[in-house]
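Peer 1: Can you keep this structure in mind? I'll have questions shortly.
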Amino acid sequence: MTALEREFGGEEPQRKVVARQARDLADSGKVEADRGDELTVETVVGNMADAPEDSDLVERWNWWLGSLETAYGGYERFTVRFVDDGPDVNA
């Protein structure tokens, strides 16, 4: 959460849900199986930094996950959706 705040700002609830999804993604072992790389904080932040400049925290996360979904499939469940009451984890 600290790295997300430092690099991208955002509100605490957004940082919490993105951090949770990142942890779930890491625990799944999917990135390591697909790309051969361990999922680290640096990997997450570095890939999110490649998103369009005007993207907020959640948009950056979903942009990266969309790229992974296109390349490998099976990443949609780690994206973050919003419902009327706030962020909803699509897990």
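Peer 1: Yes or no: segment 7-28 includes at least one residue that is basic (Lys, Arg), touching an Asp or Glu at 6+ places or on another chain (Cβ under 8 Å) and not in a helix (DSSP H, G or I).
Peer 2: No: zero hits.
Peer 1: Sticking with this one: When you scan segment 46-66, how many residues do you find that are within 16 Å of PHE78 (Cα to Cα) and touching a helix residue (DSSP H, G or I) at 6+ places or on another chain (Cβ under 7 Å)?
Peer 2: Of the residues in that region, 8 qualify.
Peer 1: Output the qualifying pairs, or none if there are none: Cβ atoms under 7 angstrom, residues six or more apart or on different chains, first residue in segment 2-16 and farther than 16 Å from ASN62 by Cα, second residue open to solvent by 80 Å² or more (accessible area, probe 1.4 Å).
Peer 2: That search, which allows pairs on different chains as well, returns ALA3/VAL41.
Peer 1: Considering only residues that are in a helix (DSSP H, G or I), within 13 Å of GLU7 (Cα to Cα) and open to solvent by 50 Å² or more (accessible area, probe 1.4 Å), which ones fall in segment 29-67?
Peer 2: Passing the criteria: VAL41, GLU42.
Peer 1: On the basis of being at pLDDT below 95 and under 12 Å from the mean Cα position of the chain (by Cα), does VAL18 make the cut?
Peer 2: No; evaluated as a whole, the condition is false for this residue.
The values are calculated or read from the model by the stated rules, or taken from the named source; none is laboratory data. Every value quoted in this text rests on a predicted model; they were computed, and no experiment measured them. Heads up, the Cβs are rebuilt from the backbone with ideal geometry, glycines too, and the neighbour counts pull from every protein chain shown. Ligands, DNA and RNA are stripped out before the accessible areas are found, and what is left, the full protein with its side chains, is counted by its heavy atoms. Shrake-Rupley method; radii C 1.70, N 1.55, O 1.52, S 1.80 Å.
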